[in-house]
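Each remark here refers to the structure printed beneath this line.
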Amino acid sequence: MKCKTCGQKAAVNMKQHSLALCKEHFLEWMPAQTARFIKKYWMFGPDEKILVAVSGGKDSLSLWDILWRLGYQADGLYIGLGIDEEIRYSDESHRLTEKFAQERGLKLHVVDIQKTYGHTIPVLAEKTHRGQERPCSVCGLVKRHEMNRLARDMGYDVLATGHNLDDEVAVLFGNTLSWAGEFLVRQSPVLAESDGLARKVKPLCRFYEKDMTAYALLRGIEYIYEECPFSVGSTSIYYKELLNKLENDNPGAKTHFYTRFLEAKKNGLFAEKEMERPALHPCPRCGQPTSGEGLCSFCRTIDKVSGASE
Ligand code: Q46
Ligand code: ZN
Ligand code: ZN
């Protein structure tokens, strides 16, 4: 297989685009494509301040690397979850994130959930009885709350996450299977800012996971290879496997599923659903928007743990 640009030996073969590239041209192509998607989906402009949520994994570190190479003002945010039981997942991902930032002279903000709220994520989940199988629902709630709080408090214009196309199609597939309209309507490369909520963007949403791995390896980015131990056996991993089988037989199937969904949405597929959005109110304690009366679910979770609402 030869590079389409220079004819040298190809390092990466992207069947979905009928495109093979050598290392040098692949490493040029990725930021160029990212810049194209940032413009296409109106994610942010050249003068906006970006906060990149980094987990120490290949996607978020590669995203930060790409934004840095493109010349954006992008700082990092690492959230220490305290998941260090079976493997030192949080410790190791924190170490690699710090190393990445130092090597490039980038600014990294670190929040430790245990130091801030008194407990690690697994303990918060256990205490609130929300983590019978895995602590993911509490973890997601806390991460969303902290990312939004810090982006707003520190004056960032936009919060960027490293979701790739495989992540997006797995979510889309799950929501389509159950026709979860309220979730489908919100799935997008960009979620505009609204009262109390930072703008959220996913600049890697059009890249396959395997190409993100190739990017991280070819750039020499040291990232945590292990997945979070609680992701083992999750539905999203099962959906990713199913979608990869489909992709194997039909190169481009994952891209089509996602881009046609975005087109259908743009053409008004969920127009009615968009009108039904519940009114949001600021939480009386933390000020973040919530659909119910009273405290938001993050503040209620923290109260439950501290015994305030027992
Ligand atoms: S939600 Fe669940 Fe992830 Fe949190 S506990 Fe691990 S797998 S890190 S994306
Ligand atoms: Zn080449
Ligand atoms: Zn609150």
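Of the residues in region 268-282, at least one is modelled with pLDDT of 85 or more and within 11 Å of ligand 3 (Cβ to nearest atom). Does residue 233 satisfy the condition of being without any contact (Cβ under 8 Å) to a residue 40 or more places away in the chain and not in a helix (DSSP H, G or I)? Yes, satisfied.
A quick yes/no check of all residues on (1) more than 30 Å from residue 81 (Cα to Cα); (2) within 16 Å of ligand 1 (Cβ to nearest atom); (3) not in a helix (DSSP H, G or I):
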| residue | (1), (2), (3) |
| --- | --- |
| 226 | no, yes, yes |
| 239 | no, yes, no |
| 263 | yes, no, no |
| 285 | no, no, yes |
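The selection criterion, being touching a Pro at 6+ places or on another chain (Cβ under 9 Å) and either away from ligand 2 (no atom under 16 Å from the Cβ) or in a helix (DSSP H, G or I) (or both), does not hold for residue 155. When we screen 35, 11 for residues that are open to solvent by less than 40 Å² (accessible area, probe 1.4 Å) and either in contact with an Asp or Glu (Cβ under 8 Å, 6 or more places away or on another chain) or among the hydrophobic types (A, V, I, L, M, F, W, C) (or both), the only hit is 35. The set of residues in region 1-29 being more than 11 Å from ligand 2 (Cβ to nearest atom), under 15 Å from residue 213 (Cβ atoms) and of a type in the set (A, V, I, L, M) consists of 14 alone. Pairs linking a residue in region 157-172 that is without any contact (Cβ under 8 Å) to a residue 24 or more places away in the chain and at positive phi to a residue that is open to solvent by 10 Å² or more (accessible area, probe 1.4 Å) and assigned to a helix (DSSP H, G or I), with Cβ atoms under 8 Å and 6 or more positions apart or on different chains, do not occur.
Taking region 146-189, which residues are within 16 Å of ligand 3 (Cβ to nearest atom) and either more than 26 Å from residue 301 (Cα to Cα) or open to solvent by less than 10 Å² (accessible area, probe 1.4 Å) (or both)?
Taking region 146-189 first, the residues within 16 Å of ligand 3 (Cβ to nearest atom) are 146-153.
Listed by number, the residues that qualify are 146, 148, 151.
Restricting region 287-310 to residues that are surrounded by 13 or more Cβ atoms within 10 Å (Cβ to Cβ) and among the hydrophobic types (A, V, I, L, M, F, W, C), which is farthest from ligand 1 (Cβ to nearest atom)? Checking each candidate, the answer is 295.
Within region 202-209, not a single residue is open to solvent by 70 Å² or more (accessible area, probe 1.4 Å) and closer than 29 Å to residue 113 by Cα.
Every residue, every condition in (1) at positive phi; (2) surrounded by fewer than 23 Cβ atoms within 10 Å (Cβ to Cβ); (3) in contact (Cβ under 8 Å) with a residue 24 or more places away in the chain; (4) in a loop (DSSP other than H, G, I, E, B), yes or no:
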site	(1), (2), (3), (4)
60	no, no, yes, no
64	no, no, yes, no
71	yes, yes, yes, yes
74	no, no, yes, no
92	no, yes, yes, no
99	no, yes, yes, no
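Sort out which residues of region 258-286 are surrounded by 13 or more Cβ atoms within 10 Å (Cβ to Cβ) and either in contact with a Ser or Thr (Cβ under 9 Å, 6 or more places away or on another chain) or on the phi > 0 side of the Ramachandran plot (or both), and write them in order of number. Residues satisfying the conditions are 261, 262, 265, 280, 281, 282, 283.
The values are calculated or read from the model by the stated rules, or taken from the named source; none is laboratory data. Since the model is a prediction, treat every value here as computed from it, not as a measurement. Cβ: placed from backbone, ideal geometry, glycine included. Neighbour counts: every protein chain shown. Quick note on the areas: whole protein, heavy atoms, side chains included, nothing else; ligands and nucleic acids left out. Shrake-Rupley method; radii C 1.70, N 1.55, O 1.52, S 1.80 Å.
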